[in-house]
Structures are given as C-alpha cells and as structure tokens.
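*Asks:* Handing you this structure, nothing more for now.
The values are calculated or read from the model by the stated rules, or taken from the named source; none is laboratory data. Everything numeric here is computed off the predicted structure, so don't read it as measured data. In this analysis, Cβ positions are derived from the backbone assuming ideal geometry, glycine residues included, and neighbour counts consider all displayed protein chains.
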Amino acid sequence: MSETYQLPDPLFKLIIRFTNGETVQYVMTDHIDSRTISAETRYAVISSFACQTPNVCSELTVVNFRDVTFIKSERVTHEQLAAEHRIGIRSAGVSSGEERLPKQVAQIKFI
C-alpha cells in the first residue's frame, strides 16, 4: 500500500533552458549544488515521482548538457507554486490551495 507524500516547504524549482529556446521546469525538494556539476558532466537524469505514489517513478528524463544553455534551481514556497498553477483555463473554478500544488516531485543526478 502506498502512502501519499507531503510536500516540504520550501521547495525548489528546477529550470532548464535548451539551445533551441525551449524551457522546462520541475519541482524538487533539494537545491542544486553547483559544485556537483563539473566540466566533465555530460548528462542530467531527472526522475519524477507522483506525490500519490512516491515509491514509483512516473517519468524519467535524460538531458544532454551539450543542448543546455543554462540550468538553475530557485527556492519557492507553496504559495508561489499555487499562484503559478492558478493561471490558465482551469482557474475558473474555485479550488483549495492544496489542489493547486504540483502533483510531481523530481530528483536530479549528474553523469
């Protein structure tokens, strides 16, 4: 039986911009330590886990650093994340702050 994962506060938003201008974002529990990214680092492996089933990886992404313009993580609070998710088509209905929080949390490893 799986247990739901409670999001800690603060969280960190991982932002990756590629050379073609595309940007992807993930929500993480840990800050990226810039010392872990060396000149020899070629790839980042990002594992995403659903908060409803934290023991099962729901998405796996491999990023080639040759295609990356920049990568950074920034500290965000639950309120900031909920405000970001309010914007859009689904924002017309009134929902609780818990429903607007991210449904997945990511972890990153460098190779």
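*Asks:* Restricting attention to segment 41-55, report how many residues are of a type outside the set (A, V, I, L, M, F, W, C), within 15 Å of the chain's Cα centre (by Cα) and part of a loop (DSSP other than H, G, I, E, B). Explain how you work it out, then say what you get.
*Replies:* Taking segment 41-55 first, the residues of a type outside the set (A, V, I, L, M, F, W, C) are 41-43, 47-48, 52-55.
Next, from what is left, pick out any that are within 15 Å of the chain's Cα centre (by Cα): 47-48, 54.
Adding the requirement that they be part of a loop (DSSP other than H, G, I, E, B) leaves 54.
Qualifying residue count, segment 41-55: 1.
*Asks:* For segment 38-49, check the following and say yes or no: at least one residue is on the phi < 0 side of the Ramachandran plot, exposed (fewer than 10 other Cβ atoms within 10 Å of the Cβ), polar (S, T, N, Q) and touching a Cys at 6+ places or on another chain (Cβ under 9 Å).
*Replies:* No, every residue in segment 38-49 fails to be on the phi < 0 side of the Ramachandran plot, exposed (fewer than 10 other Cβ atoms within 10 Å of the Cβ), polar (S, T, N, Q) and touching a Cys at 6+ places or on another chain (Cβ under 9 Å).
*Asks:* Here is a follow-up. Does segment 56-71 contain at least one residue that is over 13 Å from Gln107 (Cα atoms), surrounded by 13 or more Cβ atoms within 10 Å (Cβ to Cβ) and under 13 Å from the mean Cα position of the chain (by Cα)?
*Replies:* For segment 56-71, residues over 13 Å from Gln107 (Cα atoms), surrounded by 13 or more Cβ atoms within 10 Å (Cβ to Cβ) and under 13 Å from the mean Cα position of the chain (by Cα): present.
*Asks:* So, one more: Consider Phe12 carefully, then state whether it is in contact with a Lys or Arg (Cβ under 8 Å, 6 or more places away or on another chain), touching a residue at least 12 places away in the same chain (Cβ under 8 Å), surrounded by 14 or more Cβ atoms within 10 Å (Cβ to Cβ) and closer than 22 Å to Ile111 by Cβ.
*Replies:* So Phe12 passes the test.
*Asks:* Only one of these conditions is not met by Ser38: (1) under 18 Å from Pro102 (Cβ atoms); (2) not in a strand (DSSP E or B). Which number is it?
*Replies:* For Ser38, the failing item is (1).
*Asks:* Modelled with pLDDT of 95 or more, more than 18 Å from Pro8 (Cβ to Cβ) and among the hydrophobic types (A, V, I, L, M, F, W, C): does that describe Val56?
*Replies:* no
*Asks:* I need the full set of residues from segment 69-88 which are at pLDDT below 85, hydrophobic (A, V, I, L, M, F, W, C) and not in a loop (DSSP other than H, G, I, E, B), in order please.
*Replies:* So in segment 69-88, the residues at pLDDT below 85 come out as 78-88.
Next, only the ones that are hydrophobic (A, V, I, L, M, F, W, C) stay: 81-83, 87.
Answer for segment 69-88, where residues must be at pLDDT below 85, hydrophobic (A, V, I, L, M, F, W, C) and not in a loop (DSSP other than H, G, I, E, B): Leu81, Ala82, Ala83.
*Asks:* If Arg66 satisfies every condition in (1) outside any helix (DSSP H, G or I); (2) modelled with pLDDT of 85 or more but one, which is the exception?
*Replies:* (1)
*Asks:* Something else about it: What is the one condition in (1) modelled with pLDDT of 95 or more; (2) over 25 Å from Asp9 (Cα atoms) that Thr23 does not satisfy?
*Replies:* For Thr23, the failing item is (2).
*Asks:* Of everything in segment 18-35, what is polar (S, T, N, Q) and either within 13 Å of Asp67 (Cα to Cα) or not in a loop (DSSP other than H, G, I, E, B) (or both)? Give them in sequence order. Before you say what the answer is, go through the steps one by one.
*Replies:* Quick first cut of segment 18-35, residues polar (S, T, N, Q) only: 19-20, 23, 25, 29, 34.
Of everything in segment 18-35, those that are polar (S, T, N, Q) and either within 13 Å of Asp67 (Cα to Cα) or not in a loop (DSSP other than H, G, I, E, B) (or both) turn out to be Thr19, Asn20, Thr23, Gln25, Ser34.
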